[in-house]
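Taking it in order: structure first as structure tokens, then the write-up.
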Amino acid sequence: MRVLGIETSCDDTAAAVWQDGAVEASVVSSQADLHAEYGGVVPELASRNHQRLIVPVVQRALSEASVHAEALDAVAVTHGPGLPGSLMVGLSFAKAFARGLDVPLVGVNHLEGHVHSVDLEPPVPPRPFLCLVVSGGHTELVQVGEGFRYEVLGRTRDDAAGEAFDKVAQLFGLGYPGGPAIDRHAEQGDPQFHDFPRSRLDDFDFSFSGLKTSVLYYLRDRSDADRERLLDAHRADLCASVRAAVVDVLVDALRRALRARDVAHVAVVGGVAANALLRRRVEALGAAQNVGVSVPPLAYCMDNAAMIAQAGAKRLGAGHRSDATLGIDPSLQL
Ligand code: KG4
Ligand code: ZN
């Protein structure tokens, strides 16, 4: 079965062609430069750009896969969660395209797409496994079972991990998106330079707003000149200290969940799974606890349509279909 995947839930316009477990093409057109000017995603701009880009991005995916649209057996599309105007562009396109080709359409939960991104490259993790879904919009710890069974153990009570990186990066004058910039600087810094707070909640929930506030106060209580001097001299150390605080919290939750659950495998997915320290620490946790670890290649951590095509193909294989009345669901949960 060959599936076209469409993903437009936030600011990336993505299309992919997937056939029987192999990704034939995965195209992502990032709008990051456009939104950088505003320090974050501007929803209205994002949807307008999806509208401009969706046709060329799909055309490029088909051409990179060397297939005609008539070779597609189905269309899978993200219908939530995400920005309403952005989701609407992808879904409207997918509906019309599927109808024109007379092939089935299936709506995919963006978070399910991220979870199943671990299956895009072998080895496929055994079920059940513990999955940390960490992105700009989500931080969830999920036990993933066979098929489409998900048990959410915990989620963030305020900011998502990626959002925390993005907001702190802005305070450090590093632009948007901030996660990759903090990660890059942190590689040269001392994580013990400053002890930023690690929120440790009783259950598996997360909270990152305290960290952001703490960075804000740390910088605010200085004169402009002093702040500039500090950032110039210690930007890498501050990035390393913040990165360590976020990663400590994430890895600690995974470690506690491993103790509480009878699973032999962990995975980390979503944009923040690109974080170099998080990847190293989760690998080390796996080795220490003798459990398997899956972290997708960088291209499949960030938003992409290959993960949507694949999750959609699994749904189609299980007999799921969406009809022409499928709507967007901006706050869809797993
Ligand atoms: O999954 P994703 O592409 O989009 C959402 O669904 O949100 O994740 C984007 C998020 C942004 O917050 C970005 O700052 C963060 O992932 N991110 C990183 C890194 N690369 C991307 N955070 C930390 N370290 C990175 N290397
Ligand atoms: Zn995402």
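Derivation of every value follows stated rules applied to the coordinates shown; laboratory data play no part. Predicted model, so just to flag it, every value in this text is computed and none were measured. Quick reminder, even Gly has a Cβ in these numbers, built from the backbone with ideal geometry, and neighbours come from all protein chains shown.
Key figures for this structure:
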| item | result |
| --- | --- |
| Residues whose placed amide H lies under 5 Å from that of Ala25, excluding near-sequence neighbours | Val17 |
| Order by protection proxy (mean Cβ within 10 Å, highest first), peptides 55-66, 31-42 | 55-66, 31-42 |
| Cross-link reach list, lysines versus Lys167, counting only Cα pairs under 18 Å and skipping chain neighbours closer than eight places | Lys212 |
| Extension gain (nm, one decimal) between Met1 and Arg255, 0.36 nm per residue minus Cα-Cα | 87.6 nm |
| Net charge, Arg200 excluded, C-beta distance under 11 Å - Lys, Arg +1, Asp, Glu -1 | -3 |
| Inter-label distance for Asn290 and Gln333, nm, one decimal - labels placed 7 Å from Cα along Cα-to-Cβ | 3.6 |
| Fluctuation leader among Ala287, Ala236, Ala94 - the chain, Gaussian network, Cα springs under 10 angstrom | Ala287 |
| Neighbour net charge for Pro104 - beta-carbon separation under 14 angstrom, K R +1, D E -1 | +3 |
| Neighbour-count ranking [beta-carbon atoms within 10 angstrom, fewest first] of Cys10, Cys239 | Cys10, Cys239 |
| Mean Cβ neighbour count within 10 Å, used as a protection proxy, ranking 323-333, 97-107 highest first | 97-107, 323-333 |
| Ranked list, fewest to most other Cβ atoms within 10 Å of each Cβ, for Ser207, Ser223, Ser294 | Ser223, Ser207, Ser294 |
| Qualifying lysines (Cα of each under 29 Å from Cα of Lys314; at least 8 residues distant if same chain) | Lys95 |
| Candidates Arg48, Arg243, Arg229: whichever shows maximal mean-square fluctuation once the chain is modelled as a Gaussian network with Cα springs under 10 Å | Arg229 |
| The range 124-295: antiparallel DSSP beta bridges as a percent of all, rounded to 5 | 60 |
| Equivalent ellipsoid semi-axes - Cα gyration tensor, the chain, angstrom | 35, 24, 16 |
